[in-house]
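Enquirer: Pasting in a structure now, in structure tokens, and then I'll have a few things to ask.
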Amino acid sequence: MQTEIQPRPAAPREETIYEHLCARGVSRREFLSFCAWMGACIGLEQSGVAQMVQALETRRRIPVVWLHFQECTCCSESFLRSSHPIVADILLDKISLDYTETLLAASGHQAEQCLRDTITKYRGEYLLCIEGSVPLAEDGVYCCIGGRTAKQIVEEVAADAKAIIAWGNCACSGCVQAAKPNPTVATPIHRVLGGKPIVNVQGCPPIAEVMAGVLVHLLTFDRIPQLDAHGRPKAFYSRRVHDTCYRRPNYDAGLFVESFDDENARKGYCLYKVGCRGPSTYNSCGTIRWNGGVSFPIQSGHPCIGCSEANFWDNGPFYQRLPNFPGFGIESTADRLGVAAVGAAAAGAAAHAVLTNIRKRAEIGEQPGENAERAEAKAGQP
Amino acid sequence: MYASHDYQRVYVWQQPVRWFHWINALCITVLGVTGYLIAHPPALLSGAEASAGYWFGTVRFAHFLAGYVFVANFLFRIYWAFAGNKYANWRNFLPLTRAQFRQVWDVLRVDILQLSNQPVPALGHNAVAYFTYAGTGLLTLFQIGSGFALYAPMSEAWLPQLFVWVTPLFGSEQNLRLFHYAVMWAFAVFTVIHVYLVVYHDYVEGHGVLSSIIGGWKFMEKRHAQADPATGISGFRGRAAPAPAPGAKTPATPAR
């Protein structure tokens, strides 16, 4: 991961990313403003921005293999819908996307040939991006491409990849197909490829700017960004949605939406009581937002469903603050069970108290301490 | 039936134990009430701007503050399990001897099934109670670990950071929060039974259990106190205790 990208010896000189942008009519000014904007997104210092400019000016384009397994392609869709034109260009032009099923002109054997060519020609140089989880049940038959299972493909392609990015919740933690009972044993990439450093770009889908930021970070510094305990880049996933939420003051003041059609919802109070997962979700929705900073779910009046967290489908119901309690049927909340247990304890205590007064009547009545004189008189009897 | 005036006053609960008990009770009450409020904040309708209020923030602050006190108090009690008298000793809380299990059976027979009128003599707790407190100790450890793991993202302090590894064990913060909350109910159940049984023992046996946690003294029939069958590391002989030699010297009680 730390090695510099070496210019490919045999290949003819390829143009750098900047040259490629110039050829497409991007002005120097636009290029610099993109770098400054991206630098702000990643959280770089000013000197880091200069580093980024230099990197994009001098580096050649990185060959990319983009695999799709069990997924809905919303990650690709999100990326393509980024507000900044250069972001979409990164995917389509700046990195050279050598293999991706959804955008590839070739099909069938030719497409598979493309993949083989890329991983042999650019051994150790190509970037592997993965969308989707890998099914392991029944020897992986639930996801086969070109007659090979997802597991076989990902293991082969990952072997010589320069870096691996797992896009979205499917690749990072299995998303909906891994929700209970997970019939295909959908497995996240980091569990299929043990021991390899993987950048988990979480979300369903991830924010386009976050995806771009991760790629630009790789292009600029030629190493994977700093990751949190779940393998997510800290630059984008170190803060909770709750901590960056513009409705946070309502939370602290105890002003909550009770139902979606009440006055409090109209006033824009906190969505905590209607199930908002903001307090346990790490993402940049509150700062970068979506669709070019237009809005994000909470701003539109909908609670966060926690899509950048593992198992978020199993932590439901979405519109309930706490999940249902496992193992007691779908309607059992912790509160119902708790009230039942306390009630049972109180009823048991009451029943026991009645029983005590019947069974131990003699003992209670004749405790010396309770009626010392009487007990003494009795004790004095022969 | 016992003759009167044959009670011996025994100093059982040392002052640190009593302080621990009441600080712990206060912490659990505050943590339970604020914890419930955090899970289910009441519906307030207010025309005021959010900037004018901070009550929910205050509730959370009280929860976190009580959490720190809870930890410190618990750590102190662990220290006192080694430094305190035999009734507070750590050995009581672990199932180490067969006598303890015999006493468990005796307590179930006498106090739950009520098959006998003879109380199980125990100067500290009886074995069932000691094991129960070992259980609440584990619950306490879980609440500390899960609570500080949930608190860690909001804090740079070293103590919460010690517990960040707990969250991944439960898959997600959301899941951990559920268990943290469920254990609150376990403490509620414990409190109901605990308070009832203290009143029961006080009412039926007259050993002064209820007042002992304030003053520290219990009252025990001399024949039991002198045989020292009461719990504590030397105890657990229970009802099978040999009869005391006539005129045996009363064991000295520690000075207050």
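The values are calculated or read from the model by the stated rules, or taken from the named source; none is laboratory data. Being a predicted model, the structure only gives us computed values, none of them experimental. Virtual Cβ from ideal backbone geometry, glycine too; neighbours counted across all protein chains shown. When the accessible area is computed, the model is the full protein with side chains, heavy atoms only, and any ligands, DNA or RNA have been set aside. Shrake-Rupley method; radii C 1.70, N 1.55, O 1.52, S 1.80 Å.
Enquirer: What's the number of the condition A:ALA179 fails, among (1) buried (at least 20 other Cβ atoms within 10 Å of the Cβ); (2) under 18 Å from A:PHE69 (Cβ atoms); (3) touching a residue at least 60 places away in the same chain (Cβ under 8 Å)?
Expert: (1)
Enquirer: Something else: Just to be sure I understand, how many residues within the range A:156-176 are in a helix (DSSP H, G or I) and either surrounded by fewer than 19 Cβ atoms within 10 Å (Cβ to Cβ) or free of Cβ contacts under 8 Å to residues at least 12 places away in the same chain (or both)? Quick ask: steps written out before the conclusion?
Expert: To start, the set of residues in the range A:156-176 that are in a helix (DSSP H, G or I) comprises A:156-159, A:168-173, A:175-176.
Restricting the remaining residues to those that are either surrounded by fewer than 19 Cβ atoms within 10 Å (Cβ to Cβ) or free of Cβ contacts under 8 Å to residues at least 12 places away in the same chain (or both) gives A:156, A:159, A:176.
Within the range A:156-176, residues that are in a helix (DSSP H, G or I) and either surrounded by fewer than 19 Cβ atoms within 10 Å (Cβ to Cβ) or free of Cβ contacts under 8 Å to residues at least 12 places away in the same chain (or both) number 3.
Enquirer: For A:ASP222, indicate whether it is over 18 Å from A:ALA40 (Cα atoms), at pLDDT below 90, buried (at least 17 other Cβ atoms within 10 Å of the Cβ) and out of contact with any Pro (no Cβ under 7 Å at 6 or more places or on another chain). Break it down into steps so the answer makes sense when it comes.
Expert: Values: over 18 Å from A:ALA40 (Cα atoms): yes; at pLDDT below 90: yes; buried (at least 17 other Cβ atoms within 10 Å of the Cβ): yes; out of contact with any Pro (no Cβ under 7 Å at 6 or more places or on another chain): yes.
For A:ASP222, the condition - over 18 Å from A:ALA40 (Cα atoms), at pLDDT below 90, buried (at least 17 other Cβ atoms within 10 Å of the Cβ) and out of contact with any Pro (no Cβ under 7 Å at 6 or more places or on another chain) - is met.
Enquirer: Across the range B:168-185, what is the total count of residues that are in a helix (DSSP H, G or I) and within 8 Å of chain A (Cβ to nearest Cβ)? I'd like the intermediate steps shown before the answer.
Expert: Applying the first criterion (in a helix (DSSP H, G or I)) to the range B:168-185 yields B:168-169, B:173-185.
Those still in the list that are within 8 Å of chain A (Cβ to nearest Cβ) too: B:168, B:173-175, B:177-178, B:181-182, B:184-185.
The total comes to 10.
Enquirer: For residues that are among the hydroxyl-bearing types (Ser, Thr, Tyr), open to solvent by 60 Å² or more (accessible area, probe 1.4 Å) and assigned to a loop (DSSP other than H, G, I, E, B), tally how many sit in the range A:100-155.
Expert: Number satisfying all stated conditions: 3.
Enquirer: To continue, here is another question. Within the range B:59-71, count every residue that is surrounded by 14 or more Cβ atoms within 10 Å (Cβ to Cβ), without any contact (Cβ under 8 Å) to a residue 60 or more places away in the chain and within 14 Å of chain A (Cβ to nearest Cβ).
Expert: 4
Enquirer: Also: What number of residues in the range B:78-120 are in contact (Cβ under 8 Å) with a residue 60 or more places away in the chain and either assigned to a helix (DSSP H, G or I) or within 14 Å of another protein chain (Cβ to nearest Cβ) (or both)?
Expert: In the first step, residues of the range B:78-120 are kept if they are in contact (Cβ under 8 Å) with a residue 60 or more places away in the chain; the result is B:80, B:84-89, B:91-92, B:97, B:99-100, B:102-103, B:106, B:111, B:118-120.
From the residues that got through so far, the ones that are either assigned to a helix (DSSP H, G or I) or within 14 Å of another protein chain (Cβ to nearest Cβ) (or both) too are B:80, B:86-88, B:91-92, B:99-100, B:102-103, B:106, B:111, B:118-120.
So the count comes out to 15.
Enquirer: Right, something else. Exactly one of these conditions fails for B:VAL189: (1) more than 14 Å from chain A (Cβ to nearest Cβ); (2) closer than 26 Å to B:SER211 by Cα. Give me its number.
Expert: (1)
Enquirer: Something else about it: Determine, yes or no, whether B:PHE131 is surrounded by 15 or more Cβ atoms within 10 Å (Cβ to Cβ), more than 14 Å from every other protein chain (Cβ to nearest Cβ), over 21 Å from B:ALA39 (Cα atoms) and free of Cβ contacts under 8 Å to residues at least 40 places away in the same chain. Don't jump to the end; show me each part of the working.
Expert: Working: surrounded by 15 or more Cβ atoms within 10 Å (Cβ to Cβ): yes; more than 14 Å from every other protein chain (Cβ to nearest Cβ): yes; over 21 Å from B:ALA39 (Cα atoms): yes; free of Cβ contacts under 8 Å to residues at least 40 places away in the same chain: yes.
Against the criterion (surrounded by 15 or more Cβ atoms within 10 Å (Cβ to Cβ), more than 14 Å from every other protein chain (Cβ to nearest Cβ), over 21 Å from B:ALA39 (Cα atoms) and free of Cβ contacts under 8 Å to residues at least 40 places away in the same chain), B:PHE131 qualifies.
Enquirer: If you don't mind, another one. Check off (1) crowded, with 24+ Cβ neighbours inside 10 Å; (2) within 13 Å of chain B (Cβ to nearest Cβ) for A:ASP228 and give me the number that stays unchecked.
Expert: Just one mismatch for A:ASP228, condition (1).
Enquirer: Which count do you get for residues in the range A:259-302 that are assigned to a helix (DSSP H, G or I), touching a residue at least 40 places away in the same chain (Cβ under 8 Å) and farther than 21 Å from A:ASN315 by Cα?
Expert: Step one: list which residues in the range A:259-302 are assigned to a helix (DSSP H, G or I), which gives A:263-267, A:272-274, A:278-280, A:297-300.
Those left that are additionally touching a residue at least 40 places away in the same chain (Cβ under 8 Å): A:272-274, A:280, A:298-299.
Then keep just the ones that are farther than 21 Å from A:ASN315 by Cα; that gives A:299.
Residues in the range A:259-302 being assigned to a helix (DSSP H, G or I), touching a residue at least 40 places away in the same chain (Cβ under 8 Å) and farther than 21 Å from A:ASN315 by Cα: 1 in total.
Enquirer: Additional query: Taking interchain pairs and intrachain pairs at least six residues apart, which have beta carbon atoms under 8 angstrom, with the first residue in the range B:194-211 and within 10 Å of chain A (Cβ to nearest Cβ) and the second hydroxyl-bearing (Ser, Thr, Tyr) and open to solvent by less than 50 Å² (accessible area, probe 1.4 Å)?
Expert: B:TYR200/A:THR356; B:TYR203/A:THR356; B:VAL204/A:THR356
Enquirer: Further question: Report, by residue number, each residue of the range B:187-220 that is under 13 Å from the mean Cα position of the chain (by Cα) and open to solvent by 40 Å² or more (accessible area, probe 1.4 Å).
Expert: Within the range B:187-220, B:PHE190, B:THR191, B:VAL192, B:ILE193, B:HIS194, B:VAL195, B:LEU197 meet the criteria.
Enquirer: Only one of B:PHE74, B:PHE56 is away from every other protein chain (no Cβ under 14 Å), assigned to a helix (DSSP H, G or I), touching a helix residue (DSSP H, G or I) at 6+ places or on another chain (Cβ under 6 Å) and of a type in the set (Phe, Trp, Tyr). Can you tell me which?
Expert: On the way: B:PHE56 fails: away from every other protein chain (no Cβ under 14 Å).
Unique residue meeting the criteria: B:PHE74.
Enquirer: Is it the case, given these coordinates, that A:PRO205 is open to solvent by 20 Å² or more (accessible area, probe 1.4 Å) and closer than 24 Å to A:GLY275 by Cβ?
Expert: Working: open to solvent by 20 Å² or more (accessible area, probe 1.4 Å): yes; closer than 24 Å to A:GLY275 by Cβ: yes.
Judged against the criteria, A:PRO205 is a match.
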